[in-house]
1. For the stretch 359-373, which positions are open to solvent by less than 40 Å² (accessible area, probe 1.4 Å) and either over 19 Å from Tyr16 (Cβ atoms) or in contact with a strand residue (DSSP E or B) (Cβ under 9 Å, 6 or more places away or on another chain) (or both)?
2. Return yes or no: is Phe358 touching a Phe, Trp or Tyr at 6+ places or on another chain (Cβ under 9 Å), assigned to a loop (DSSP other than H, G, I, E, B) and among the aromatic types (Phe, Trp, Tyr)?
3. I'm checking my understanding of the structure. Among residues of the stretch 320-336 that are among the hydrophobic types (A, V, I, L, M, F, W, C) and either buried (at least 17 other Cβ atoms within 10 Å of the Cβ) or assigned to a helix (DSSP H, G or I) (or both), which one is modelled with the lowest pLDDT?
4. Cβ-Cβ under 7 Å, sequence separation 6+ or interchain: first residue in the stretch 43-61 and open to solvent by less than 30 Å² (accessible area, probe 1.4 Å), partner in a loop (DSSP other than H, G, I, E, B) and aliphatic (A, V, I, L, M). Which pairs?
5. If we scan the stretch 401-415, do we find a residue that is open to solvent by 100 Å² or more (accessible area, probe 1.4 Å), more than 25 Å from Asn143 (Cβ to Cβ) and basic (Lys, Arg)?
6. Looking only at the stretch 284-293, decide whether some residue is surrounded by fewer than 20 Cβ atoms within 10 Å (Cβ to Cβ) and of a type in the set (Val, Ile, Thr).
7. Of the residues in the stretch 415-443, how many are under 18 Å from Glu182 (Cβ atoms) and not charged (D, E, K, R)?
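The values are calculated or read from the model by the stated rules, or taken from the named source; none is laboratory data. Here the structure is a predicted model, which is why all the values come from computation and not from measurement. Note: ideal-geometry Cβ built from the backbone for every residue, glycine included; neighbour counts use all protein chains shown. Surface areas here come from the heavy atoms of the whole protein model, side chains and all, with no ligands, DNA or RNA. Shrake-Rupley method; radii C 1.70, N 1.55, O 1.52, S 1.80 Å.
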Amino acid sequence: MTPMQSPHILILGGGYVGLYTAWGLRRALPPGRARVTVVEPNPYMTYQPLLPEVAGGELDARSVAVDLTRALKGMDLFRGKLISLDTAGHTARLESLTGTTSTMAFDHVVLAMGAVTRTFPTPGLADHGIGFKTLAEAVHVRNQVLGNIAIAAAATDPEIRAKALTFVFVGGGYTGVEALCELSDLAKLAVDDTPSLNRSELRWVLVEALDRVAPEVGPTLSKFTLAQLRERGIDVRLETTMKSCVDSQVVLSDGGTFAANTIVWTAGVKPNPVLDGTDVPRGPKGHVSANAKLQVINDDGVPVPGVWAAGDNAQVPDLNAEKQPAYYAPNAQNAMRQAKVLARNIAADLDGLPPAEFRHKSLGTLASYGVGRGAAVVLGLELKNRPAWFADRLYHGMAVPTFNRKWHVFAAWFAGALAKRDLSALPGIEHPRRAFLETFEKKD
């Protein structure tokens, strides 16, 4: 590299780690000190903790989508995906939205590609299930729940009616519980506006392989959450798995069998499979191996020069944990904080200074179970229902990136306190050309 050239920092992924690392570099480095490129196929970053409220209709989908073009001003945004990564040669093979491929050289690379839904080869799941990890999935599930209530209202066959009003969630972590609660509340309101239906006809089933739900909030609040769900009429099946759902016929390991039009899979996540196209060292579960300084390390623990990782696709050691080895959980709180340290470490490396270790003691865990209900642990203090719900809203309202999105979120919550929740479904947006194509005359 000649003195006239600026170091090139390549960030693979535009989620929490990608966005906050880019912002951190912009603050830490003087103008012109380095060139930063973020590679991301989507035009936005999704604030995933608020996806349940999007599905429940408390927030508009755009409220949790941060426009990357605006957010990354002064940096390069490459709309596309990674094909392969050569860490020794410091090059990445990329594919743009047009399908063209190119090779991009870098001095530093950040692996920030996050995680995807972890699935199993359950018969029928690929045909009838849907995840709850993306903005599109949250909107689709909302439309599907409201659409099935409409189907039930029009049905004369009791089996069709029962199938339409049966909703299954597989996976009882707090993400699954939050989404189920929001959608359950939405369904009740929609049924109340439908004279031919009754709330008692709604059937919500939560299938969890463990002996508890929402383990992230701790043993006491986990029991509280379970009691809350059952009080709300939700059929919780613990220590149970879904064996199959062929033809939307759900078969459970406890012997339960029933038909359901809606099957939502929230049974965990795994590192982004795009990592398979890289040569970076991986841990036993597929995560990128990293040290506490967020440097990617080889099997001997030696840092790979210029290669960094953080967030859900990385295995970052938690040096504060009493029992070792321990690693940070894949959540937004850790990802955003790791990204800030990672940015400072890259800046330090460019200046010939040693990087710092990432150490973070969790502030707590928040879970919202619908308006006025929730569970939270804040600085060791356990909160239930309204206090927990307020804490959840305050934290996430402040944590969502950019002032523009914060304004949208708080404004939507304020409007929701004064007006009825929007119960309209927009299923047509998933097949926008259907109405147009139907206008063409069919020829014999």
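1. Just the residues of the stretch 359-373 that are open to solvent by less than 40 Å² (accessible area, probe 1.4 Å), to begin with: 360, 364-370, 372.
Across the stretch 359-373, the qualifying residues are Gly364, Thr365, Leu366, Ala367, Ser368, Tyr369, Gly370, Gly372.
2. Numbers: touching a Phe, Trp or Tyr at 6+ places or on another chain (Cβ under 9 Å): yes; assigned to a loop (DSSP other than H, G, I, E, B): yes; among the aromatic types (Phe, Trp, Tyr): yes.
Against the criterion (touching a Phe, Trp or Tyr at 6+ places or on another chain (Cβ under 9 Å), assigned to a loop (DSSP other than H, G, I, E, B) and among the aromatic types (Phe, Trp, Tyr)), Phe358 qualifies.
3. First pass over the stretch 320-336, keeping only residues among the hydrophobic types (A, V, I, L, M, F, W, C): 321, 326, 329, 332, 335-336.
Applying the additional criterion that residues be either buried (at least 17 other Cβ atoms within 10 Å of the Cβ) or assigned to a helix (DSSP H, G or I) (or both) yields 332, 335-336.
Details: Ala332: 88, Ala335: 94, Met336: 93.
Filtering first and then ranking leaves Ala332.
4. Partner pairs satisfying both residue conditions: Tyr47/Val400; Leu50/Leu59; Leu50/Val400; Glu53/Leu59; Gly57/Leu423.
5. no
6. no
7. Just the residues of the stretch 415-443 that are under 18 Å from Glu182 (Cβ atoms), to begin with: 415-417, 419-426.
Then drop every residue that is not not charged (D, E, K, R), which leaves 415-417, 419, 423-426.
Within the stretch 415-443, residues that are under 18 Å from Glu182 (Cβ atoms) and not charged (D, E, K, R) number 8.
Per-residue answers, yes or no, for (1) out of contact with any Gly (no Cβ under 7 Å at 6 or more places or on another chain); (2) closer than 30 Å to Gly380 by Cβ; (3) surrounded by fewer than 18 Cβ atoms within 10 Å (Cβ to Cβ):
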| site | (1), (2), (3) |
| --- | --- |
| Lys223 | yes, yes, yes |
| Leu226 | yes, yes, no |
| Arg230 | yes, yes, yes |
| Asp235 | yes, no, yes |
| Thr240 | yes, no, no |
| Val246 | no, no, yes |
| Gly256 | yes, no, yes |
| Ala259 | yes, no, yes |
